[in-house]
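Reviewing the structure listed below.
What follows is calculated from the coordinates using simple rules that are stated; it is not laboratory data. Note that the coordinates shown come from a computational prediction; the quantities given were computed from them, not determined experimentally. Here the Cβ positions follow ideal geometry from the backbone for every residue, glycine too, while neighbour counts run over all protein chains shown.
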Amino acid sequence: MSVGERRVLLTGATGFVGAHAIPALQARGFAVHALGRRPPAAETTFHPVDLLDTAAMRRVVGAVRASHLLHLAWYAEPGLYWRSPANLDWVAASLALVRAFREAGGGRAVAAGTCAEYAWGPEHLREDALCAPATLYGAAKDGTRRVLEAYAGETGLSLAWGRLFFLYGPGEKPGRLVGDAIRALEAGARFGTSPGHQRRDFSHVADAAGAFAALVDSEVAGPVNIGSGTAPPVRAILERIGRLTGRPDRIDFGARPLAAGEPACIAADVTRLRAEVGFQPRFDLDAGLQATRAAYGAGV
C-alpha cells in the first residue's frame with residue numbers, strides 16, 4: 001500500500017447496497033477492493049473468493065492488507081432470509097472476516113446490521129433501544145454485533161455497525177415493495193397489497209450506500225441507524241407511486257391481509273447519523289421515487 005492510500009475491502013459489492021457503495025467510497029478517496037464470487041459492474045480491484053471458504057478468504061484478506069473494511073454481504077433472498085439457517089453460515093463468515101482483517105493490520109471496520117435487531121415498538125428507534133429480535137435473521141445480526149464489539153474492545157479495532165431500515169431504488173430484486181409496485185403498475189397490472197396503514201422508514205438505496213461510506217470515513221463507533229428518520233404509512237408511499245405511474249386506480253388496498261405480528265411503526269432515530277457521522281441524504285421520498293421510476297423506465 002502506498003503512503004497515504006486508503007484501501008477498503010468491500011463485501012457484497014454486487015448486492016443492492018454494495019453496487020451503490022462503490023462510487024460513494026471512491027468519491028471519498030478510497031481504493032475499493034471488492035471480494036466475492038462475481039465482479040461488480042463498476043470499476044474496482046476485484047478478488048474472486050467465496051467468503052464462506054474461510055481459508056481462501058483469509059489468504060485474500062492477508063494479501064490485500066486493507067486499512068478499512070465495509071462488510072455488506074449476507075444471505076438476503078427476499079421472503080426467505082428471515083428464517084433461513086443460512087444466517088448461521090454468515091455469522092461464522094462475518095466473525096472470521098473481521099478477525100482476518102484485523103490480523104492483517106486493518107484498523108477500521110463497518111458492518112451492516114438491521115432494524116430487525118430491535119424490539120419493535122418505540123415511535124423512533126434509537127441505537128440504545130432494547131434489542132430483542134423476533135426472527136432468526138435479526139438474532140444472527142444482533143449476535144454478530146455483540147461478538148464483534150467484544151472483539152474490537154480486546155484488539156483495539158475501530159468498529160461501527162450500520163443498522164439498515166427499509167430500502168428502495170434501482171436494482172431491487174422482485175419481492176420488494178417499491179420495485180414490485182412500479183413494475184406492476186407500469187405494465188398496467190393490478191397491485192394487491194395490505195390496507196397499508198403500517199408506517200415504515202424507507203431510504204433510497206443510494207442514500208443508504210452514501211451513509212455507509214460516510215460511516216467508514218468517520219471515527220464513530222458502535223451502532224448507527226441507517227434510515228431516513230421519517231416513516232410514512234405504506235399506503236401513502238404506494239399512493240405516490242400510483243400518481244407517478246398514472247395508475248392509482250390499479251392499487252388494491254386490503255387485497256392481502258397484514259402479516260401477523262407486523263408492528264404499527266418501524267422508524268429510525270437518525271440523530272447519530274446526521275450529527276456525529278455528518279451524513280445528509282440526497283433524496284426525499286418524492287424525489288427518490290421519481291428517480292427510481294425513471295431508472296426502471298431506462299431498464300436499470
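Considering only region 186-193, I want to know if a residue exists there that is closer than 21 Å to residue 109 by Cα, among the aliphatic types (A, V, I, L, M), free of Cβ contacts under 8 Å to residues at least 12 places away in the same chain and loosely packed, with under 15 Cβ neighbours inside 10 Å. Taking every residue of region 186-193 in turn, none turns out to be closer than 21 Å to residue 109 by Cα, among the aliphatic types (A, V, I, L, M), free of Cβ contacts under 8 Å to residues at least 12 places away in the same chain and loosely packed, with under 15 Cβ neighbours inside 10 Å. Scanning region 148-159 for residues that are touching a helix residue (DSSP H, G or I) at 6+ places or on another chain (Cβ under 6 Å) and either among the acidic types (Asp, Glu) or surrounded by fewer than 20 Cβ atoms within 10 Å (Cβ to Cβ) (or both) gives a single hit, 155. What are the pairs, 6+ residues apart or on separate chains, where a residue within region 264-290 that is touching a residue at least 12 places away in the same chain (Cβ under 8 Å) has its Cβ under 9 Å from a residue that is in a loop (DSSP other than H, G, I, E, B) and of a type in the set (Lys, Arg)? Partner pairs satisfying both residue conditions: 268/126; 269/126; 271/126; 272/126; 288/282.
Candidates are the residues of region 237-247 that are assigned to a helix (DSSP H, G or I) and touching a residue at least 40 places away in the same chain (Cβ under 8 Å); the one that is surrounded by the most Cβ atoms within 10 Å (Cβ to Cβ) is 241. Among strands (runs of 3 or more DSSP E) entirely within region 148-236, having at least 3 residues that are within 20 Å of residue 128 (Cβ to Cβ) singles out 158-164, 222-226. What is the residue count in region 29-39 for residues that are surrounded by fewer than 20 Cβ atoms within 10 Å (Cβ to Cβ) and either of a type in the set (Gly, Ala, Ser) or closer than 22 Å to residue 113 by Cα (or both)? The qualifying residues number 3.
Okay, residues lined up against (1) surrounded by fewer than 18 Cβ atoms within 10 Å (Cβ to Cβ); (2) under 20 Å from residue 173 (Cβ atoms); (3) of a type in the set (Asp, Glu):
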position	(1), (2), (3)
48	yes, no, no
52	yes, no, no
55	yes, no, no
61	no, no, no
65	yes, no, no
73	no, yes, no
77	yes, yes, yes
82	yes, yes, no
90	no, yes, no
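Every condition in (1) surrounded by 14 or more Cβ atoms within 10 Å (Cβ to Cβ); (2) within 19 Å of residue 107 (Cβ to Cβ); (3) not aromatic (Phe, Trp, Tyr) holds for residue 5 except the one numbered (1).
Residue pairs whose Cβ atoms lie under 8 Å apart, sitting 6 or more positions apart in sequence or on different chains, and linking a residue in region 195-211 that is at positive phi to a partner that is in a strand (DSSP E or B) and not basic (Lys, Arg), are 196/233; 196/253.
Scanning region 248-282 for residues that are surrounded by 15 or more Cβ atoms within 10 Å (Cβ to Cβ) and more than 21 Å from residue 125 (Cβ to Cβ) yields 250, 251, 253.
Of 112, 21, 116, all but one fail to be under 24 Å from residue 292 (Cβ atoms), in contact with a helix residue (DSSP H, G or I) (Cβ under 9 Å, 6 or more places away or on another chain) and without any contact (Cβ under 8 Å) to a residue 40 or more places away in the chain; the exception is 116. If you go through region 248-299 and keep only what is within 14 Å of residue 229 (Cβ to Cβ) and part of a strand (DSSP E or B), you end up with 265, 266, 268.
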